[in-house]
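Okay, so here's the structure we're looking at.
The values are calculated or read from the model by the stated rules, or taken from the named source; none is laboratory data. On a predicted model such as this, the values are computed, not experimentally measured, just so you know. Just the protein is used for accessible areas: all its heavy atoms, side chains included, with ligands, DNA and RNA removed. Shrake-Rupley method; radii C 1.70, N 1.55, O 1.52, S 1.80 Å.
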Amino acid sequence: MNEIATGIFIWLLKILGAYLGILIVLTLVLSRWKKKSAQETEEIADQKKQQKKR
């Protein structure tokens with residue numbers, strides 16, 4: 001019985017580790033994407049300002 005409980009515990013830890021790893025990767029990807037989109041938005045706004053000045 002003890003071996004089964006240990007096996008299940010290790011299996012749960014592996015699943016939790018994989019879940020946390022995926023979560024961290026997705027968070028990093030999203031933060032980079034948000035920074036990139038904010039920078040692109042700023043560039044578009046600057047371009048519109050320059051067009052209005054002409």
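Criterion applied to Glu3, Glu40 was being among the acidic types (Asp, Glu), open to solvent by 100 Å² or more (accessible area, probe 1.4 Å) and part of a helix (DSSP H, G or I), and the one residue passing it is Glu3. Does Ala45 satisfy the criteria of being in a helix (DSSP H, G or I), small (Gly, Ala, Ser) and over 23 Å from the mean Cα position of the chain (by Cα)? Against the criterion (in a helix (DSSP H, G or I), small (Gly, Ala, Ser) and over 23 Å from the mean Cα position of the chain (by Cα)), Ala45 qualifies.
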